[in-house]
Amino acid sequence: MSVASTELHWSSAAETAARTTDVWTREGGPGGAIVLFDENDIRIEACGGLESLATGAPFSSSSIVRYASITKHIFAAMALSHESGIALEDRLGSHLPGLRSPMADVTVGRALDMTGGLPDVRDTLSLLGLSVHTATEAQPILDFLYSLGNVNFPAGHEISYSNTGYRLVEAALKDKGLLFDELVQERISHPLGIALRAPELWFDPVPGLVPGYWRSEQGWQLGTAGLHLSASGSLTGSARDLAVWLQALLSNRGPGAGWLERLSAPRFLADGRPTRYGLGLAWSQIGANHLVGHGGSHAGYKNYFLLDPHRHVGVVLVSNREDTAPSGLTLQVMASLLGENLPSRSTSIPDGLYATEEGPFWLEMKDGVAIFLGAGETLYQGEDGWSVSLSAHMPMRLRWTGDAIEGEVGHAARRFVPVRPDDCLSEVQGRWVCPAYHADFTIQDDKLDMGIGPARTSAPLLPLGGKRLLMDGKDGPWTKRSSLVFNGDRVGLFLNRSRLVQFERAT
């Protein structure tokens, strides 16, 4: 046991973890596991709920789930191993000649640290009308990215989460004959005696994989996703498996030697400002304690882990239920372990819908949660009246001036004012098309209809002012809230992770 670990409040952390898992057990629905550990030992396990609603088997620390984006730091370690021949300073285009500029000019480092401006594939396909359930494979997705070429913003100018950089670097590895799953088996799973796997498709059989669930109006439903998974989020494993790997990182031994420091090293914007997002690892803070970790979200799975590199301890949370709030729950357990209190939620910014004076950017405030271009973060009380998020991949620093919200989102300066509706809807009725991708939608009255046959969906539209609309739709278990910005006979569709899809009025 490390000296630092004797200063910790293990019993308090165990009680905090149990409060969450006990709720899952009492509900009798899907569940999860919370594991606390130091660099040598698994210290606490709390489990609750079911790993399968079909069999009624209880969830355990050995239940296999989809880690989703927790995969990222492990992939970054494999991609940057000396055998790969890939360096952080390399242009993506130097490894993938099919890429067009400016996407080709983004460096590997910016592709992995979320400052590259790369449009997220899933969100881009959603804007074109493809459901989360639509099946796609690796090469067509890569060809799609080659055809796009453009980026959401100039590389290095802000931070905005995207899975695409990891997908592209994985494609570069494949071209060199290096397969992610094989690297994981050889360098992590076999040496540590754990069962991490990296299937490429949702429908690939994985031994022991438990179903994920989301709650619809009809009750719990199985989570499914058709998108080729890629190394941005393909790994599967249990809570205990993940803890064993993280122990190797904390103790700087075996396959984890050297990687925690390298993957969590500071990264910087083009103007020199540091971000708190590294290479698949993100920094957060509780009191004076600096923590590093990452979350993961697939349809029906929600996971998170946090490490305290100074005290050599960590917390893992995995679950097979969509309604889990993993980052907040993991922060609570870690705060209990450290004997700290989380900052209070901030509600100083009035609830309501806001937008920038021009452009696609909108912000909705609801009980201390800020939703920016469809992506939400809880705000906490910061210093000098600021409201801040605790997220490194979506940092927010905002305050209410009395007539506007000012501050930063993703390290980019923003100013939002209350929405002033206009008569945009009456001017944009009819059919709009994107010929390059054979996509279209129709605006009729205050609804946007997209899709074909029985899969056609309808979403309400709200005026944002300035010839802009907000679509308030659904895509399986997730919301789909994009802004539409009209300019004559053209319209751009925007989500936080995808800002380049354009449609034109049908003739």
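Applied to the stretch 438-454, the Karplus parametrisation 6.51 cos²θ - 1.76 cosθ + 1.60 on θ = phi - 60° returns per-residue 3J(HN,Hα) values of 6, 10, 7, 8, 10, 9, 10, 6, 10, 10, 10, 10, 9, x, 10, x, x Hz, with x for Gly and Pro. Taking the protein heavy atoms of the stretch 155-235 in the context of the full set of protein chains, the accessible area attributed to carbon and sulfur is 52 percent at 1.4 Å.
Using only DSSP helix segments of four residues or longer, with each worth -39500 (n - 2.57), what per-residue ellipticity at 222 nm results for the chain after dividing by its residue count and rounding to 500? Result for the chain: -6000 deg cm²/dmol, rounded to the nearest 500. Computed as a quarter of the hull surface, the mean projected area of the alpha carbon convex hull for the chain stands at 23.0 nm². Fully extending the segment from residue 10 to residue 40 would add 9.3 nm, taking 0.36 nm per residue of separation and subtracting the current Cα-Cα distance. Principal semi-axes of the equivalent ellipsoid, √(5λ) from the alpha carbon gyration tensor of the stretch 205-310, are 30, 18, 14 Å from largest down. Based on Cα atoms of the stretch 384-507, Rg over Rh with Rh as the Kirkwood radius reads 1.02. Rolling a 1.4 Å probe over the heavy atoms of the protein chains gives the stretch 1-133 an accessible area of 35 Å² per residue. Near the amide H of residue 86, within less than 5 Å, lie no amide hydrogens of residues on another chain or at least 5 residues away, with H placed in the peptide plane. Surface composition of the stretch 282-352: carbon plus sulfur atoms hold 48% of the accessible area, using a 1.4 angstrom probe and ignoring ligands, DNA and RNA. Helix 164-175 and the long axis of the chain differ in direction by around 70°, with both axes built from C-alpha atoms.
Per-residue extension of 0.36 nm, minus the Cα-Cα distance of residue 351 and residue 445, leaves a gain of 31.1 nm for this segment. Computed over the stretch 92-239, the convex hull of the alpha-carbon atoms projects to a mean area of 10.4 nm².
Taken one residue at a time, the phi angles of the stretch 86-93 give Karplus couplings (6.51, -1.76, 1.60, θ = phi - 60°) of 10, 10, 4, 7, 5, 6, 4, x Hz. Gly and Pro are set to x. Think of the chain as a dipole: +1 on every Lys or Arg Cβ, -1 on every Asp or Glu Cβ, centred on the Cα centre; then among 279, 255, 97, 97 lies furthest on the positive end. A crude spin-label estimate for the pair residue 216 and residue 381, with each label 7 Å from Cα along the Cβ direction, gives 4.3 nm. Of all the C-alpha pairs in the stretch 245-378, what % are more than 22 Å from each other? The calculated P(r) of the stretch 245-378 puts 51 percent of pairs beyond 22 Å. Positive-end ranking of 389, 350, 412 along the dipole of the stretch 327-429, with charges on Cβ about the Cα centre, is headed by 389. Close amide H pairs (under 5 Å, H built 1.01 Å from N) link residue 232 with 167, residues at least 5 positions away or on another chain.
Grab the Cα-Cα distance for residue 176 and residue 420, subtract it from 0.36 nm times how many residues apart they are, and report the gain in nm with one decimal.
Working: separation 244, 0.36 × 244 = 87.84 nm, distance 5.34 nm.
Gain on stretching residue 176 to residue 420: 82.5 nm.
Note on residue 403/residue 273: beta-carbon distance plugged into 1/(1 + (r/R0)^6) with R0 of 30 Å gives a FRET efficiency of 0.60. A 1.4 Å probe run over the stretch 136-267, with the rest of the protein chains in place, finds 40 Å² accessible per residue.
Looking at the chain only, what percent of DSSP beta bridges run antiparallel? Nearest 5 please. Beta bridges within the chain, antiparallel portion: roughly 95 percent. Relative to the longest principal axis of the C-alpha atoms of the chain, give the angle of the C-alpha long axis of helix 138-148, reported between 0 and 90° and rounded to the nearest 10°. Compared with the principal axis, the helix lies near 50 degrees.
Heavy-atom accessible area for residue 203, with the other protein chains in place and a 1.4 Å probe, reaches approximately 130 Å².
Against the chain, whose longest principal axis comes from its Cα atoms, helix 10-27 is set at around 60 degrees.
Take the Cβ-Cβ distance between residue 505 and residue 100 as r, set R0 to 25 Å, and report the resulting FRET efficiency rounded to the nearest 0.05. Result of the calculation: an efficiency of 0.40. Only lysine pairs 8 or more places apart, or on different chains, with alpha-carbon atoms under 19 angstrom apart are counted in the chain, and they number 9.
With θ taken as phi - 60° and the Karplus curve 6.51 cos²θ - 1.76 cosθ + 1.60 applied, the whole-hertz 3J(HN,Hα) list for the stretch 210-223 is 8, x, x, 9, 10, 9, 9, 5, 8, x, 5, 10, 5, x Hz, x standing for glycine and proline.
When the Cα convex hull of the stretch 151-232 is projected onto planes of every orientation, the mean area is 8.7 nm².
The values are calculated or read from the model by the stated rules, or taken from the named source; none is laboratory data. Remember, it's a predicted structure, so these values are computed and weren't measured experimentally. Don't worry about glycine lacking a Cβ; one is built from the backbone with ideal geometry, like all the others, and counts go over all protein chains shown. All accessible areas refer to the heavy atoms of the entire protein, side chains included, with ligands and DNA or RNA removed. Shrake-Rupley method; radii C 1.70, N 1.55, O 1.52, S 1.80 Å.
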